[in-house]
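The values are calculated or read from the model by the stated rules, or taken from the named source; none is laboratory data. Predicted, not measured: the structure shown is a model, and the values here were computed from it. When we count neighbours, we look across all protein chains shown, and the Cβ atoms used for this are built from the backbone with ideal geometry, even at glycine. Calculation scope for accessible area: heavy atoms of the full protein, side chains included, ligands and nucleic acids excluded. Shrake-Rupley method; radii C 1.70, N 1.55, O 1.52, S 1.80 Å.
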Amino acid sequence: MKVVILCGGVGSRLAEETKLIPKPMVKIGKIPIVQHIINYYKYFGLEEFILATGYKKDIIERYYKKNKSVQTIYTGKKTLTGGRLLRLKKYFKKNEFFLLTYGDGLSNLDINKLIIFHKKHNKIATLTAVRPAARFG
């Protein structure tokens, strides 16, 4: 099963960091955010990753150049989420199941339970979301 990670946005809310590197390459400790995400999915046994790149794609491509389990695909500098997915269509078989997350989407979600839930309900998509803590209260 493939995991698509959207890594193409400009990351304007982190402008001081993303002038030089794309947001998924901002480091937490000594590791880029996107590598933390990949490591998390690998923990659940997933080994095939597609990084949908855009803004400063060359930095991501260089970092993953020798990694056989990670494929970087340029999906446009200003392409929005739906457009990125459409540009990846040719990399999937018809009705192939895949996972999708953002290149800054860290979580502690049990991926195996999510897959089981999705298959059990037999729907076209399953979406997870996080309710941010209240700013005041």
Would you please list the contacts, defined by Cβ atoms under 7 Å and residues six or more apart or on different chains, that run from a residue in the stretch 30-52 that is open to solvent by 60 Å² or more (accessible area, probe 1.4 Å) to a residue that is modelled with pLDDT of 95 or more and not aliphatic (A, V, I, L, M)? GLU47/SER69; GLU48/LYS2; GLU48/SER69
So LYS77 ticks every box in (1) surrounded by fewer than 14 Cβ atoms within 10 Å (Cβ to Cβ); (2) free of Cβ contacts under 8 Å to residues at least 24 places away in the same chain but one. Which box is left unticked? (2)
Would you mind stating whether THR101 is in a loop (DSSP other than H, G, I, E, B) and either β-branched (Val, Ile, Thr) or surrounded by fewer than 10 Cβ atoms within 10 Å (Cβ to Cβ) (or both)? no
Within the stretch 12-29, the count of residues that are more than 9 Å from the chain's Cα centre (by Cα) and either crowded, with 21+ Cβ neighbours inside 10 Å or among the aliphatic types (A, V, I, L, M) (or both) comes to 9
Test LYS90 against the criterion of being open to solvent by 90 Å² or more (accessible area, probe 1.4 Å) and more than 30 Å from ASN122 (Cβ to Cβ), and give yes or no. no
When the stretch 80-98 is examined, which residues are found to be more than 14 Å from the chain's Cα centre (by Cα), without any contact (Cβ under 8 Å) to a residue 12 or more places away in the chain and not in a loop (DSSP other than H, G, I, E, B)? GLY83, LEU86, LYS89, LYS90
